Each structure stands twice: as structure tokens, then as C-alpha cells.
Amino acid sequence: MSRLRNWSLVVLAAFTLGLAGCSSSSTSSSTSSSTSSSTTGAAGAPSSTSAATPPVQDPSPAGTFGTKPTVVVPPGAPPTQLESKDLIVGTGPAAKPGDKVTVQYVGVAYSSKQQFDASWDRGQSLQFVLGEGQVIKGWDEGVVGMQVGGRRELIIPPNLAYGANSPGAGIAPNDTLIFIVDLLKIN
């Protein structure tokens, strides 16, 4: 019953956010589960799963698919396990390991709240084979189940990102990363 109540709150919060024009003062709830796959909500409402961690409050606004999104770093300490939220639920096929996917994304460091990368800024999408280690593990796990036409927020802890090894400017050692990803197509 508690799970049903939480889902009702998620749907109600999403509806309220839609009516309020993505007001930044609202809070949404999410549910926890023991997997890192995402679930889809009713009527395109944001849905989420986490791997046994408390839900992250104040997800980024959904925005419009195909346009650069705004990333909101949630308050408080970063999660210790992958957090995944569908901001826009796609209507196309779902991505699975072994699929070659094409995405657009923006990445923000949790610690600095600063963008470190965005495919939108380069005007070039990214292609990779899901589950083959061509991207950080948080992407290989977090994009699975995403549907074409969907937008997902991934909050990736250091052990699923770069760990103690900073890959370059904008990402500190042991930083948690936030990505918003649009799944354009499965090739």
C-alpha cells in the first residue's frame, strides 16, 4: 500500500509541476527498488528507481525532448548508488544491452554544480553499444530500458563513473555525476 501511495504522490507531483509551469519550489517523491532499471509512469509522469538508496528530491525539469535540458543538482549529499528518473517517457522501443544507441546529453558535476560536457553544445550526438564498456558503467546500466523519444536523468556515483581518477577539467576525483540523456534512436 505504501508503494501505491508513493506512486500516487509521484503522479500528483508531476501533474502539479506541469500545471505550475515547472516551478522550482516543488518536491517530488520517488520509490526505491533493488534494481537500477527504470520504470515508466502513467501519462508520461516522471518515474524512477534506485538501488536501495533514498530518493533524490527535486529532479531536473523535464523540458522538451530534443532541446538542451537544464540540470538541477539536488540538495544534500549525493546518492551512493545509481539513481535513474524518466523525465519524459519515450514511446519507441526500449534499449537493451547490445543495442547501438544514439543519444544527446548534458553532464554536470554534483560537487561543483557546473556543466562539464554537453553533446548539444557540439551539435553532435553520441553513439555507443550499450553494455560493452564504451561509456562509463553508470551509462551502461542507466540507459537500459530507456525508450526512444525519452529523456532520463542519471545520477551516477563515483564507483560507476570515474572513481578516484579525474578524466579532466570539470570532474573532480570521486565526483558524482548528473546526466540528462535523450534517447534519439536505436540503430
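Cut-off under 13 Å on the C-alpha distance; same-chain residues fewer than 8 positions from Lys100 excluded. Which aspartates and glutamates are left, in chain and number order?
Cα-Cα hits under 13 Å: Glu132, Asp140.
May I ask you to list the lysines whose Cα is less than 18 Å away from that of Lys113, ignoring any residue fewer than eight positions away on the same chain?
Qualifying lysines at Cα under 18 Å: Lys68.
With a/c under 1.5 counting as rounded, go ahead and sort the range 114-161 into rounded, prolate or oblate using the C-alpha gyration tensor (a ≥ b ≥ c being the square roots of the eigenvalues; past the cut-off, prolate if a/b is larger than b/c, else oblate). Provide the component values of the computation, followed by the final result.
On the way: a/c = 1.43, a/b = 1.13, b/c = 1.26.
Since a/c stays below 1.5, the shape of the range 114-161 is classed as rounded.
Among Ser84, Ser166, Ser119, which comes first, second and so on when ranked by fewest other beta-carbon atoms within 10 Å?
Ser166, Ser119, Ser84
If you filter the range 98-187 for trypsin sites (Lys or Arg not before Pro), then keep DSSP loop positions with at most 12 other Cβ within 10 Å, what is left?
Passing sites in the range 98-187 are Lys113.
All of the numbers you see were taken from the coordinates with simple rules; none came from a lab. Since the model is a prediction, treat every value here as computed from it, not as a measurement. Glycine gets a Cβ as well: all are built from the backbone with ideal geometry, and neighbour counts include every protein chain shown.
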